[in-house]
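Here's the structure we're looking at; comments come further down.
The values are calculated or read from the model by the stated rules, or taken from the named source; none is laboratory data. Predicted, not measured: the structure shown is a model, and the values here were computed from it. In this analysis, Cβ positions are derived from the backbone assuming ideal geometry, glycine residues included, and neighbour counts consider all displayed protein chains. In case anyone asks, the SASA skips ligands and DNA or RNA and just uses the protein heavy atoms, side chains included. Shrake-Rupley method; radii C 1.70, N 1.55, O 1.52, S 1.80 Å.
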Amino acid sequence: MISPAFWWQAIKLALSQIRANIGRSLLTALGIIVGVASVTTVIAALDGLKDRVLTEFETFGANRLLIFPDRPDGYPRNLYPWKDVRLKVEEIDAIAQHCPSVRVVTPITSLKTAVQHGERILEGISVTGIRPAWHETENRSILEGRPFNSIDEEEARQVCLLNDDAIRELGLPADPTGEHIIIGARRYLVVGTVETIQSMMLGINTSSAEIFIPFAMAARLKDDDFFFRATAMIRSPELAAEAESEVRFVLRKMRGLDGDEPDTFEVAAIDQFIDQFKALAAGITAIAGGIVGISLLVGGIGIMNIMLVSVSERTREIGLRKAVGATPSAVLMQFLLEAVVLCLVGGAVGVLIGEILAIGLTFIPDAGLDQAHVPLWAIIMSFSFSAAVGVIFGMFPAIKASRLDPIEALRHE
Amino acid sequence: MLISLRDITKIYRVGIDTVHALRGVDLDIGENELVAIMGSSGSGKSTLMNVLGCLDRPTDGTYLLKDRRTDRMGAVELAHVRNELIGFVFQSFELLPRATALANVELPSLYARGERRRDRRKRAREVLDRVGLGDRMDHRPNQLSGGQKQRVAIARSLLNRPAILLADEPTGNLDSTTTADILRLFRALHREGQTVIIVTHEDEVAAHCERVIRLHDGRIASDLPISEDPAGRLLEEVAEITESGS
Ligand SMILES: Nc1ncnc2c1ncn2[C@@H]1O[C@H](COP(=O)(O)OP(=O)(O)OP(=O)(O)O)[C@@H](O)[C@H]1O
Ligand SMILES: [Mg+2]
């Protein structure tokens, strides 16, 4: 219906209108600029964080199952005392034996204790008790010496593995194998060193000393009813759900839980944490979206205001256009298009600022945002929203322009 | 008949007052006439022009333009009629200030349908040449004199080859030399077959026309060939101007 030349001219006119009032236009579009800039920055940060967390989880193995004691929610405390809820070594053995989808499983227990080498005594060093299966559930290489073997565990040998921080803090030589250190009044032979994995997300402090001893030895350092968790390695990632239900079945059976009783433990595949993180990220995105919605609303009102000013400033022009044959819908389209172009220009400036801020984020040290980037979908979304604001808030002024009586418009001062 | 008005009235309501701008006008204008509409201020000239130009609808009466009832048309249809059949020239030119002369002249084609969309650039150049502004196409209105602005406006009104050219006091803002130029242009267009209707206060302008319609208080007081109208006494002068110009 409307000629193609009309569209082209209307866009050119809209741009020249913006150029002629550049200061006013940018001020008007400020709400849109701020809204779009902030949403693109937040999305860039979240996206970067998400990539970061996902790679982190990858490094720590997607095929892992975490097993830990957990008192069921919503039941009387005395019904499930912690003493009964805690994991037992026999349960871990049963999982190792009776769960076909589980390749290996290791109990893990941590304690803080004093460690001595020669004259040097370090207090509160993290000592972790593990079984040899740990070497399969964690992919942390042995840099010197050897990993734990089943004899270390079965005979509860006083052997240990250290990481580089522990070696340094205890003043041991770079290759400490064959040296002895004292943990809890017993002498342990250092049999190897284990790689340190850098991680901020999973709570492993990068600059901490770690010492590993056989689980059987760690048990002796603790009280009788001590708590521990376990990590299982699944045969393949697709078996996650199966492995989970196998473990659940074995534990329920061992604990003699009836059909209507709740689990007194928690079995979680690592991807559940990923899901949780994704849900969290989606929540933050939604909140950011709400804030942006408000600033777009404010921006939209600004647009409406300036378009009303524009319509009244150009009343004679509207009258003339009608006199030479512009239909009401052509006038409506012209002003609607002008509002949309104004919003799109604001959106473009906002995306640009967001992009610059996102690049700025990657330079913040230790924020974990070094992978922050504005994804394409965020840019497309920004422009769509800007255009929508233009249409919605430009509609009223455009309708007003389209309804002007040509004579009255031409007579307007 | 190109234009045929029957018992046209136009009543404005201002608060509780009613203003009878037109009180039953009967008027026929044929192809290729050159008509002046005269009358004192407030006699209804502009109102009649706006009705003729389909910018305004009469309160009552029938208006046949090329045998079509325009008084019954809706806003969209009237817009198309204005685009295709009417060329309007205003006292205050009404050019878009930021557009070049060429872009101003092209304006009606943006709202055109079918054939009239084609070759707009070429046709705009042609009509600008026709009004003698071939060398001012890229000038903006503020770079043109009053007479040149009015020529651009006339070129714009001619773009879609209108059936009638309506000019409401086209020389009201111009000095006498420029007025003579513009009138010579209207006469030339008339000789080429264009129907032209000019509203004016000045006998000097009316004297260039062939027929003079005088309005008084919303009614046609007289409708005479120029030779019988009082303005006709200036005819000799007009002949001189026309000769010296061409
Ligand atoms: N929009 C309007 N509302 C109310 N009254 C109006 C309106 N337009 C015109 N009139 C009245 O209608 C009458 C005719 O007006 P019109 O503009 O047609 O006169 P005119 O002959 O063109 O006068 P002028 O020579 O001063 O231009 C006048 O009395 C005027 O006040
Ligand atoms: Mg008038």
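Let's see how each residue does on (1) over 30 Å from the mean Cα position of the chain (by Cα); (2) without any contact (Cβ under 8 Å) to a residue 24 or more places away in the chain; (3) open to solvent by 20 Å² or more (accessible area, probe 1.4 Å):
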| position | (1), (2), (3) |
| --- | --- |
| A:Gln116 | yes, no, yes |
| A:Glu119 | yes, yes, yes |
| A:Leu122 | yes, no, yes |
| A:Ile125 | yes, no, no |
| A:Pro132 | yes, no, yes |
| A:Thr137 | no, no, no |
| A:Ser141 | no, no, yes |
| A:Phe148 | yes, no, no |
| A:Ile151 | yes, yes, yes |
Scanning the stretch B:58-73 for residues that are assigned to a loop (DSSP other than H, G, I, E, B) and open to solvent by less than 40 Å² (accessible area, probe 1.4 Å) gives B:Pro58, B:Met73
Residues B:Ser43, B:Ser92: which one is assigned to a loop (DSSP other than H, G, I, E, B), within 13 Å of ligand 2 (Cβ to nearest atom) and crowded, with 20+ Cβ neighbours inside 10 Å?
B:Ser43
By residue number, the members of the stretch B:26-40 that are within 16 Å of ligand 2 (Cβ to nearest atom) and more than 12 Å from B:Arg214 (Cα to Cα) are none
Report, by residue number, each residue of the stretch A:6-42 that is farther than 19 Å from A:Ile301 by Cβ, touching a residue at least 40 places away in the same chain (Cβ under 8 Å) and either surrounded by fewer than 19 Cβ atoms within 10 Å (Cβ to Cβ) or away from chain B (no Cβ under 14 Å) (or both).
A:Trp7, A:Ile11, A:Leu15, A:Gln17, A:Thr40, A:Thr41, A:Val42
Within the stretch B:1-20, track down each residue that is open to solvent by 10 Å² or more (accessible area, probe 1.4 Å) and within 14 Å of ligand 1 (Cβ to nearest atom).
B:Thr9, B:Lys10, B:Ile11, B:Tyr12, B:Arg13, B:Val14, B:Gly15, B:Ile16, B:Asp17, B:Thr18, B:Val19, B:His20
Given the criterion open to solvent by 60 Å² or more (accessible area, probe 1.4 Å) and either more than 14 Å from chain B (Cβ to nearest Cβ) or of a type in the set (D, E, K, R) (or both), identify the matching residue among A:Ile306, A:Ile274, A:Ile284.
A:Ile284
Can you tell me which of B:Gly147, B:Gly132 is assigned to a loop (DSSP other than H, G, I, E, B), under 20 Å from the mean Cα position of the chain (by Cα) and away from every other protein chain (no Cβ under 14 Å)?
B:Gly132
If you go through the stretch A:399-409 one residue at a time, do you hit one that is within 14 Å of chain B (Cβ to nearest Cβ), in a loop (DSSP other than H, G, I, E, B) and within 16 Å of ligand 1 (Cβ to nearest atom)?
yes
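This table checks each residue for (1) modelled with pLDDT under 95; (2) within 16 Å of ligand 2 (Cβ to nearest atom); (3) part of a loop (DSSP other than H, G, I, E, B); (4) more than 26 Å from B:Ile11 (Cα to Cα).
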site	(1), (2), (3), (4)
B:Leu48	no, yes, no, no
B:Asp56	yes, yes, yes, no
B:Glu106	yes, no, no, yes
B:Ala112	yes, no, yes, yes
B:Arg116	yes, no, no, yes
B:Ala124	yes, no, no, yes
Among the residues of the stretch A:331-353, is any within 16 Å of ligand 1 (Cβ to nearest atom), in the same structural domain as A:Gln9 (by TED's automatic domain parsing) and closer than 27 Å to B:Thr47 by Cβ?
no
Checking B:Leu22 against (1) assigned to a strand (DSSP E or B); (2) away from ligand 2 (no atom under 13 Å from the Cβ), the condition it does not meet
(2)
Filter the stretch A:210-242 down to residues that are under 20 Å from A:Asn139 (Cα atoms) and modelled with pLDDT of 85 or more, then give me how many there are.
13
Looking only at the stretch B:95-117, how many residues end up being more than 10 Å from chain A (Cβ to nearest Cβ) and surrounded by fewer than 22 Cβ atoms within 10 Å (Cβ to Cβ)?
3
Out of everything in the stretch B:21-54 that is away from every other protein chain (no Cβ under 14 Å) and charged (D, E, K, R), what residue ends up being nearest to ligand 1 (Cβ to nearest atom)?
B:Arg23
A:Val89: passes all of (1) touching a Pro at 6+ places or on another chain (Cβ under 8 Å); (2) at pLDDT 90 or above but (2)
Answer from A:Gly299, A:Gly347, A:Gly390, A:Gly325 - the residue that is touching a helix residue (DSSP H, G or I) at 6+ places or on another chain (Cβ under 6 Å), within 14 Å of another protein chain (Cβ to nearest Cβ) and open to solvent by less than 10 Å² (accessible area, probe 1.4 Å):
A:Gly325
When restricted to B:Val81, B:Val76, the only residue open to solvent by 60 Å² or more (accessible area, probe 1.4 Å), more than 16 Å from ligand 2 (Cβ to nearest atom) and within 14 Å of chain A (Cβ to nearest Cβ) is B:Val76
Criterion first (more than 18 Å from B:Val89 (Cα to Cα), open to solvent by less than 10 Å² (accessible area, probe 1.4 Å), away from ligand 1 (no atom under 16 Å from the Cβ) and modelled with pLDDT under 95) does B:Ala207 satisfy it?
yes
Would you say A:Ala94 is over 15 Å from A:Met217 (Cβ atoms), crowded, with 17+ Cβ neighbours inside 10 Å and assigned by TED's automatic domain parsing to the domain that holds A:Glu246?
yes
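Yes/no matrix, rows are residues, columns are (1) part of a strand (DSSP E or B); (2) open to solvent by 40 Å² or more (accessible area, probe 1.4 Å):
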{"residue": "B:Ala155", "(1), (2)": "no, no"}
{"residue": "B:Pro162", "(1), (2)": "no, no"}
{"residue": "B:Pro170", "(1), (2)": "no, no"}
{"residue": "B:Leu174", "(1), (2)": "no, no"}
{"residue": "B:Thr178", "(1), (2)": "no, no"}
{"residue": "B:Leu183", "(1), (2)": "no, no"}
{"residue": "B:Arg187", "(1), (2)": "no, yes"}
{"residue": "B:Val212", "(1), (2)": "yes, no"}
{"residue": "B:Asp223", "(1), (2)": "yes, yes"}
